[in-house]
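Enquirer: My questions will all concern the structure given below.
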Amino acid sequence: MKKIISLMMVLLLTPILISCSSSGSDSNADNEDVVELDFFHRWPNEPRKSFYDKKIKEFEDEHPDIKINVNSVLNDSYKEKIKVLVSGNDIPDVFTSWSDSFAKNLVSSDQIMSLDDVMDDDKEWSNKILESQLSGFTFDDTVYGIPFTVDGKAFFYNKDIFEENNITPPETYDELIKIFDKLQSVGYETPIIEGLSDKWAISHYLGTIFQRIVDPDVIEQDYDKDTAKFEDQGYIEGLNVFKELTDYMGDISTAIDHEEARNMFASGEVPIIYMQFAEIKLVEDMEQIDFDFFDFPEFKDGKGDPTVLTGAPEGWMLSKDAPPEAVEFLKFLTSEETAYEFTETDGQLNAIEGAVTEDNTSKTSVNAYKIIQEASSTAPWFDNAVNINIADIFMRGSQSLATGETTPEDIISEVQKALDD
C-alpha cells in the first residue's frame, strides 16, 4: 500500500516538477508568448557580424518575449535576395536598405512600413536622427527608412609620398592627371589602384564622373526609369574619363577586388585610391602609412556641381506587416548608444546625433564626418541611383572598357537598346 501511495505522489508531482524546470530554463523557444522577428542584413563578415550578433543578444536579454531570427549575405547577393523576398511577399520584419532609388523601388512594392507616426510618437528618439540624411528614405513626403550609416567618397593619398615629391592635392581633373604622370616619372608605375572585379566600385567612379560632367537636369531625366534616354554626349565623355583613369591602374586592377586594392594602398605600395570614408579605420588599423584625402576634382567644362559629395546613407526599413516589437528593435538599432558603439567597433560614421566624437573614432574620421555634414548635397551611388539593369550594363561594360574590349559608344548603344526593350 505504501508503494502505491508513493507512486501516486510521484505521478502527481511530476507535472509540477516539469513546470518548475521549464520556467527556470534560459530558453524561450517553447514559450507561446514569444514574438519572433526576421532580421536581414548584408554583413556576414567581420567586424559587423560579431557586432550585430552581440547587439541581438543584448536586445533579447532585455526583451525575453522577443526572439530575433537573423540572416545575412554580402552586398551583391543581398541586392538580389531582398528583391526576391519582396516579389515573393516574404519580406523580413527588419532589414537594411540603401537609400534613394533602391529604397524607392522597395517602397513601390507597397510592402514597406511608413515611419512618420513612429517618429512623431517618440521625439526623444527621432530627434537624434540627422535630418539631412532622411531625404534618401523620404518619398511623397513620407519617411520609409531610418538612416544609420553615412558615407562619402574621396581620393585617399599617401601623405609622405606627396610631400617627398612636392605634390599637393589637385583642384581640377587635369591637375589630377598631371599628378599621375609625375608619380609614374618618379617610379610609381601604378599611381592609382582599384579592384575592378568589383562592379560596385566601378559604379562609384561612374556616378561621380557623370555628376561632375553631365547637366543636372539631364541626369534627373535619365536616372528616372520612366524618362531615361542616356543620349547626352556627357556620358561618352565620362566613360572616356573612366578609361583614362584605368590606364593608370595597371593590368592588376582588372584581376583584383577592392579589398585587395585597399590593402595595396594601406601598405604603401600605391600612392592613391578612390575610397569610402567608411574604410578609414581599416587603413588606420594596418598602421603602415600616414594618409589624407581630397574630393573628386572638377572638370574644366563640367556642367555639374563640383561641391556635391558622392555618398549616401544606408539605413533600416520595416515590413508593412511587422509587429510593434519590430519598432522597438528598430529604435534599439538606431539608438545613440548602439550608434556610438557601432562607430567605435566598425569605424563607419553614423547618422545619430552625438554618436560620432573623437572619443570613439579618429580625428581623420571626424574630419570626414564634417565634410559629409558640410557638403552642398550628396549624390547617391550610381548603382542605386538608376535602374539596376541599366547600371549593370554600365558596370559590366566598364570592366570591358578597362581591358580595351569595348568602347564608350558600344556601352551607350547597349544601354539605349535595353531602354527600348
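Enquirer: If the requirement is being in contact with a strand residue (DSSP E or B) (Cβ under 9 Å, 6 or more places away or on another chain) and crowded, with 22+ Cβ neighbours inside 10 Å, which of these qualifies: 278, 266?
Expert: Checking each option against the conditions leaves just 266.
Enquirer: Return the residue satisfying two criteria in turn: it lies in the range 88-127 and is in contact with a helix residue (DSSP H, G or I) (Cβ under 7 Å, 6 or more places away or on another chain) and among the hydroxyl-bearing types (Ser, Thr, Tyr), and of such residues it is farthest from residue 311 (Cα to Cα).
Expert: Among those that are in contact with a helix residue (DSSP H, G or I) (Cβ under 7 Å, 6 or more places away or on another chain) and among the hydroxyl-bearing types (Ser, Thr, Tyr), it is 109.
Enquirer: Could you please find all residues in the range 289-304 being surrounded by fewer than 15 Cβ atoms within 10 Å (Cβ to Cβ) and part of a loop (DSSP other than H, G, I, E, B)?
Expert: 290, 300, 301
Enquirer: Find the residue count for the range 146-182, including only residues that are among the polar types (S, T, N, Q), touching a Leu at 6+ places or on another chain (Cβ under 8 Å) and buried (at least 19 other Cβ atoms within 10 Å of the Cβ).
Expert: The total comes to 1.
Enquirer: When the range 66-80 is examined, which residues are found to be over 13 Å from the mean Cα position of the chain (by Cα) and touching a residue at least 40 places away in the same chain (Cβ under 8 Å)?
Expert: 66, 68
Enquirer: While we're here: Among the residues of the range 265-307, what is the count of those that are farther than 26 Å from residue 187 by Cβ and in contact with a Pro (Cβ under 9 Å, 6 or more places away or on another chain)?
Expert: 7
Enquirer: Just for helices (runs of 4 or more DSSP H) wholly inside the range 315-395: which have at least 1 residues that are among the polar types (S, T, N, Q) and buried (at least 18 other Cβ atoms within 10 Å of the Cβ)?
Expert: Here the list reads 336-346, 363-374, 382-385.
Enquirer: Okay, next question. With a cut-off of at least 2 residues that are touching a residue at least 60 places away in the same chain (Cβ under 8 Å) and in contact with a Lys or Arg (Cβ under 8 Å, 6 or more places away or on another chain), name the helices (runs of 4 or more DSSP H) lying wholly within the range 103-193.
Expert: Result: 173-185.
Enquirer: Answer yes or no: is there a residue in the range 398-409 that is in contact (Cβ under 8 Å) with a residue 12 or more places away in the chain, in the same structural domain as residue 193 (by TED's automatic domain parsing) and surrounded by 22 or more Cβ atoms within 10 Å (Cβ to Cβ).
Expert: Yes, there is a match, as at least one residue in the range 398-409 is in contact (Cβ under 8 Å) with a residue 12 or more places away in the chain, in the same structural domain as residue 193 (by TED's automatic domain parsing) and surrounded by 22 or more Cβ atoms within 10 Å (Cβ to Cβ).
The values are calculated or read from the model by the stated rules, or taken from the named source; none is laboratory data. Here the structure is a predicted model, which is why all the values come from computation and not from measurement. We place every Cβ from the backbone using ideal geometry, glycine too, and count neighbours over all the protein chains shown.
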